[in-house]
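This report concerns only the one structure given below.
The values are calculated or read from the model by the stated rules, or taken from the named source; none is laboratory data. Predicted model, so just to flag it, every value in this text is computed and none were measured. Here the Cβ positions follow ideal geometry from the backbone for every residue, glycine too, while neighbour counts run over all protein chains shown.
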Amino acid sequence: MNMFEGQSTIRRDLRRSIDWPLIFCYLALVLIGWVSIYASIHSSEPGSILDWNCRSGKQAVWILTAFVLDILILFVINPRLWEVISAPAYLFVLGLLVAVIFLGVEVKGSRSWFALGPVRFQPAEISKITTSMLLAMVMSKPYYKISNRKYFLITAGIIFLPMLVILGESETGSALVYVGFLFALYREGLSGWFPFFLGMAILLFIVTLTTNVWISMAIIAATTGVVLWIFFKSTERESRIVRFRIIRNTILSVIAGVSLVFATNFIFQNVLQDHQRKRIEVLLGMKEDPSGVGYNVIQSKIAIGSGGLFGKGFLNGTQTAYGFVPEQSTDFIFCTVGEETGFIGCLTVILLYAFMITRIIQDADRSREAFTRIYGYCLASCLFMHLFINIGMTVGLMPVIGIPLPLLSYGGSSLWAFSVMIFIFVALYKEEKKYF
Amino acid sequence: MEASRKNKLLIGLWIFLAVLIGKIFYIQIINDKYKRDASNNSMYYEYIYPTRGVIYDRNGEILVGNNVCYNIIVTPREVGEFDTLALAAALDISPDYIREKMAYYKKYRTRIGFQPQTFLKQISPETYMRFAEEEYRFRGFKAQTRSLRNYPFNAGGNLLGYVSEVDADFLKTHSDEYRPGDFIGKTGIEAAREEDLRGEKGYRIFLRDSRNRVQNSYADGAYDKDAVPGKNIVTTIDAHLQQYGQELMEGKVGSVVAIEPSSGEILAMVSSPGIDVEYLADIGKHYQEISRNPYKPMFNRTVMASYPPGSVFKLINGLIGLDEGILHTYEMYPCNHGFPYGNSRKLGCHGHASPLALLDAIATSCNGFFCYVFRNILNNKDYKTIQEAFDKWREYVLSFGFGRKLGSDFPSELGGNIPTSAYYDKIYRKHWSFQTIISLSIGQGEIGATPLQIANLAATVANRGYYYIPHIIKDSDEVSIDEKYHEKQFTMVKQEHFETVVKGMYMAVNGGGSAGGTAFGAAIPGLDVCGKTGTAQNPHGKDNSVFICFAPKDNPRIAVAAYVENAGFGATWACPIASLMLEKYINGEISPSRQWVEDRIMSTHFF
């Protein structure tokens, strides 16, 4: 009896403490990814879906090994470990990021891959995890306060250090993901002005490039006016010092905004690299280049667009199957989904992600441990950034930035990294549930 | 929902994802541009060109046939290293031509992309065979079967028309039916029956990848389409008569139109100078030369030129007079070398017996007589005003097919001109009388008629009062023609009045020169030829020579109108040409006694 009782307690525990819907989304996306990889390569590399020589076969191996990792993380490794090793792990991965510049192999113009025999892996993928862990560790300290300048700088440093190294590897996409940590910081008390200024900066940059300086000026003037008006309404009773600060900050912001506007063209022409400039030009419709940079996007849009409501059916895609879309099993895997399963399929995939991210945010927010919460928000931010940049790129909302679609894209590093990252969170959450 | 930071972030997340979903919805559901692009992208249509329909004459002779030829197509991006000299030798072209072409493709490579380009047009089967043997050496080059028109008879470029590649302007409006490189009939029969002749292109669909490598047949060829050859067309033309007409008109400016009165079928239609059929197949090469010719060979005079018909128009005035009851066959009018009118002015006439009645007036083509007739038509007491009388007259004339398009199936037919009373009211401010427009009595003045209309008049008289709309396409197994071509078109003149006119025309030819008949040169022993001469004053130079005739007098088999510009008196040039056409058609050959006429005509060239 005792034995059975014990088993049923464990079973109840598992049922209660593990976020099964989250795991279901994870499994569904991994499987959709696997099948889509097969669909995207089956005509150029004919063979069975399990054929080791083709990408779907290799992905099957990555998936199975990822499952092993998942189980290890979930049941074997003590979740407390993550908090403990976060600092050394962060430094180790940072070291790898630097080392890869010198020791890595060059793939498409960027040195960000280590080659270990037949296996290649990208430290930038792991760096997301270690950065999240260190952020969670630092920010969960009881004395931590983001408004404190010292802690703010430490936090910024944790994010910017790997980000800059990755930029140095010219992996713009992976670096861009780090911007997503802003969301996690916002949740932890970062002033809402940071996202606001970031949004404004992007808006001004785009408006200045596509129209002219004066429209951007008008936007600055209008926003300043609205912001000031709201402030003076709500701070009527505040002291003069407060009001003085508001005015000072506003003036500084306007100066920054105006400088940005005037610097835009300089940045665009001189700071950005050629291929980055072209991608932005194509995205903003400033230049048409159907055979060059625009080719990927046009082909990708054609593939997705031709899917219609229900798609052409599994393995019936012509655009993806016949190699119109470049990188179709990695960065452009979403094209296969769009072409073969149509809008219904796209919606399903996006909703799976949306549900997963929402679930993570809710679990994180509910968590009583700051480490779990902050880590969860970091995870959600990374997933969102990848999702939005990747799918946005395939449908022409974002410039062509090569980052994988989490769990779907072909590739071991990416799948492993996201699996580990997600399951650390699931494990942390499970650990907590044990006690409450 | 409280606006906690968590919820703000969640709302933000869903807004961003909604934007993403919205964009996907737009490109997948709302905008179907991408679906079209997708089929262009992945499907490679290999077009199979149909052979164009053959054009036959009424007796089964081929007027326009097809020769097989080949185009060489190249997909520049597939071309690898190849031996320029070997290709030049195989295709019988200069190596420089190849280098030039390849340089061109290189220069425009981004624009060309993977599209196949036409490298060389219309090579002969012999050259093609040589190329085919070595084709494997030239990756990216391919031959495509096309057909080229050939012309066994010199039937005249204006009648047959020519085909050429569709131009860019036309493609803009007809992009569903035609693609660049397709041929289209531009003029003549080729244009008139383009829809039947062109056939339907077939295609084979292949899937290809982004490097334009053809992968395999799409859906196992389920959607492939065979080319449907163009329909063969049987025309009403008599190839031998047409060619004979071309020969007679050689070196002269004008037209000859022959119609079978009992059906309205056009037997021959010659516009001179015309486009030599040797130029037709590859007209693009000769286009400059043709368009620079001062005699405008492209201008199809038979249906587009508007001439004053001259004296042949007297027939109509006589018929209208009879029908209106202001002229009777027994009535005689005097003519002393013309008709005096106005302030001692006179419309002149040549010498003949006077006074005379309608029959003789037609035979001798008396100007004075028809001035009286026209005066009586306009001053008819049945009508209140001259305007009313004139408009009635105009209505009669229009019923003969003048002043409007006949409605023939030949393209670019024009309607000529018959003025209205309103027109004279305008230019003479309502002060005009018979004398003002006296020249209409004899077919001069403001009247314009096409040779086709004049020939139709001959057919109408031959039929004694009706005509069939002249046409060039016959009913055949493959093509049927509009019912209207089988319907009799009656004039407003009662049929009984025509016999007198026919007799007059008979007299003009067979009455003998001594009796004043103007057209005795058209007489052919054994054939009861009826004819009427005309000499139309030409404001631009020498008079135009006109003649209409038909034969035999009873149950006529052919009606001909000949119109020779700047050739003088009608009897001198138009008359023998038209009569030779009659004789050739009915007898198949020219009798020895008239051989000299043929020689004279053929040896005379005005330019």
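Do we have residue A:80 as surrounded by 15 or more Cβ atoms within 10 Å (Cβ to Cβ) and either more than 12 Å from residue A:169 (Cα to Cα) or at pLDDT 90 or above (or both) here? No, not satisfied. Answer yes or no: is there a residue in the range B:389-397 that is of a type in the set (Phe, Trp, Tyr), touching a strand residue (DSSP E or B) at 6+ places or on another chain (Cβ under 6 Å) and on the phi < 0 side of the Ramachandran plot. No, the range B:389-397 contains no residue that is of a type in the set (Phe, Trp, Tyr), touching a strand residue (DSSP E or B) at 6+ places or on another chain (Cβ under 6 Å) and on the phi < 0 side of the Ramachandran plot. Among all positions in the range A:315-330, there is at least one residue which is away from chain B (no Cβ under 11 Å), surrounded by fewer than 18 Cβ atoms within 10 Å (Cβ to Cβ) and modelled with pLDDT under 80.
Of everything in the range B:148-178 that is among the hydroxyl-bearing types (Ser, Thr, Tyr) and without any contact (Cβ under 8 Å) to a residue 60 or more places away in the chain, the residue that is surrounded by the most Cβ atoms within 10 Å (Cβ to Cβ) is B:178. Taken over the range A:148-185, the criterion of being within 14 Å of chain B (Cβ to nearest Cβ) and surrounded by fewer than 21 Cβ atoms within 10 Å (Cβ to Cβ) is satisfied by A:179, A:182.
Beta carbons closer than 9 Å, at least 6 apart along the sequence or on distinct chains, pair a first residue in the range B:334-361 that is on the phi < 0 side of the Ramachandran plot and free of Cβ contacts under 8 Å to residues at least 24 places away in the same chain with a second that is among the hydroxyl-bearing types (Ser, Thr, Tyr) and part of a loop (DSSP other than H, G, I, E, B) for B:349/B:365; B:350/B:365; B:350/B:518.
Among the residues that make up the range A:290-306, is at least one of them modelled with pLDDT of 75 or more, assigned to a loop (DSSP other than H, G, I, E, B) and at the interface with chain B (Cβ under 10 Å from one of its Cβ atoms)? Yes, there is a match, as at least one residue in the range A:290-306 is modelled with pLDDT of 75 or more, assigned to a loop (DSSP other than H, G, I, E, B) and at the interface with chain B (Cβ under 10 Å from one of its Cβ atoms). Being at pLDDT below 90, more than 9 Å from every other protein chain (Cβ to nearest Cβ), under 50 Å from the mean Cα position of the chain (by Cα) and part of a helix (DSSP H, G or I) is a condition met by at least one residue of the range B:12-30. The set of residues from the range A:186-223 being outside any helix (DSSP H, G or I) and surrounded by fewer than 18 Cβ atoms within 10 Å (Cβ to Cβ) comprises A:189, A:191, A:192, A:211, A:212. For the range B:291-305, filtered to residues that are closer than 13 Å to residue B:273 by Cβ and among the aliphatic types (A, V, I, L, M), the residue that is surrounded by the most Cβ atoms within 10 Å (Cβ to Cβ) is B:305. The residues on offer are A:393, A:356, and the sole one that is in contact (Cβ under 8 Å) with a residue 24 or more places away in the chain, crowded, with 24+ Cβ neighbours inside 10 Å, in contact with a Cys (Cβ under 8 Å, 6 or more places away or on another chain) and not hydroxyl-bearing (Ser, Thr, Tyr) is A:356. Filtering the range A:12-35 to residues that are at pLDDT 90 or above and polar (S, T, N, Q) leaves nothing.
Considering the range A:154-211 alone, what residues qualify as being over 24 Å from residue A:87 (Cβ atoms) and of a type in the set (Val, Ile, Thr)? Answer for the range A:154-211, where residues must be over 24 Å from residue A:87 (Cβ atoms) and of a type in the set (Val, Ile, Thr): A:172, A:202, A:206, A:207, A:208, A:210, A:211. The strands (runs of 3 or more DSSP E) located wholly in the range A:93-158 that include 1 or more residues which are within 14 Å of residue A:175 (Cα to Cα) occupy A:110-116.
Residues that are of a type in the set (Gly, Ala, Ser) and without any contact (Cβ under 8 Å) to a residue 60 or more places away in the chain do occur in the range A:130-148, at least one of them.
Given the criteria out of contact with any His (no Cβ under 6 Å at 6 or more places or on another chain) and modelled with pLDDT under 90, does residue B:296 qualify? When the stated conditions are applied, residue B:296 passes them. Check the range B:412-420 and report whether any residue there is surrounded by 18 or more Cβ atoms within 10 Å (Cβ to Cβ) and farther than 17 Å from residue B:306 by Cα. Checked the range B:412-420: no residue is surrounded by 18 or more Cβ atoms within 10 Å (Cβ to Cβ) and farther than 17 Å from residue B:306 by Cα.
Exactly one residue out of B:560, B:529, B:597 is at pLDDT below 90 and either at positive phi or among the hydrophobic types (A, V, I, L, M, F, W, C) (or both): that is B:597.
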